[in-house]
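Below is one structure, written out as structure tokens, with a few remarks after it.
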Amino acid sequence: MNSEAAPQSAGEARDVRVRLPYHLRHLARLDSETVVRVAGPVTQRSVLDALEERYPALGGTIRDHTTGRRRAYLRFFACEEDISHEPPDDELPGPVVSGAEPFMVVGAMAGG
């Protein structure tokens with residue numbers, strides 16, 4: 001994943017597009033995707049930190065309050081690739097960092 005990341009300077013802030021599933025958009029009172037400002041490296045962790053800071057109602061809904069781990073039945077995508085199991089501090093791909101592509105939180109399906 002790092003090979004595709006755009007180089008960033010330490011204090012540089014980026015606007016990152018984020019798409020959420022309906023239930024989380026409803027909780028955050030959003031009609032569509034949102035943009036969050038991320039200072040420093042753009043990683044899963046930094047994007048989710050910025051998202052929870054801007055929309056406090058989302059705190060604990062995407063990541064567990066105690067462990068910080070992704071909640072079951074949620075997946076993370078960047079550039080149409082599932083990055084749910086990538087380390088949370090790896091930089092996201094350049095198109096996400098530049099705002100050309102969104103960071104997506106997607107509700108997973110289960111059942112039989």
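Listed values, structure above:
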{"read-out": "Residue 68 being within 21 Å of residue 28 (Cα to Cα), more than 11 Å from the chain's Cα centre (by Cα) and not charged (D, E, K, R)", "value": "yes"}
{"read-out": "Selection within the stretch 23-58 - of a type in the set (Ser, Thr, Tyr) and modelled with pLDDT of 95 or more", "value": "34, 43, 46, 55"}
{"read-out": "Filtered residue count, the stretch 47-62, keeping only those that are over 11 Å from the mean Cα position of the chain (by Cα) and either closer than 13 Å to residue 102 by Cα or surrounded by 15 or more Cβ atoms within 10 Å (Cβ to Cβ) (or both)", "value": "3"}
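One line per residue, one yes/no per condition, for (1) modelled with pLDDT under 95; (2) part of a loop (DSSP other than H, G, I, E, B); (3) not small (Gly, Ala, Ser):
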residue	(1), (2), (3)
72	yes, yes, no
77	no, no, yes
86	no, yes, yes
95	no, no, yes
101	no, yes, yes
104	no, no, yes
112	yes, yes, no
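This table checks each residue for (1) touching a residue at least 60 places away in the same chain (Cβ under 8 Å); (2) among the basic types (Lys, Arg); (3) more than 15 Å from residue 97 (Cα to Cα); (4) surrounded by 17 or more Cβ atoms within 10 Å (Cβ to Cβ).
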site	(1), (2), (3), (4)
13	no, no, no, no
18	yes, no, no, yes
24	yes, no, yes, yes
45	no, yes, no, no
70	no, yes, yes, yes
74	no, no, yes, yes
83	yes, no, no, yes
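The values are calculated or read from the model by the stated rules, or taken from the named source; none is laboratory data. Bear in mind the structure is a predicted one, so any value in this text is a computation, not a measurement. Quick reminder, even Gly has a Cβ in these numbers, built from the backbone with ideal geometry, and neighbours come from all protein chains shown.
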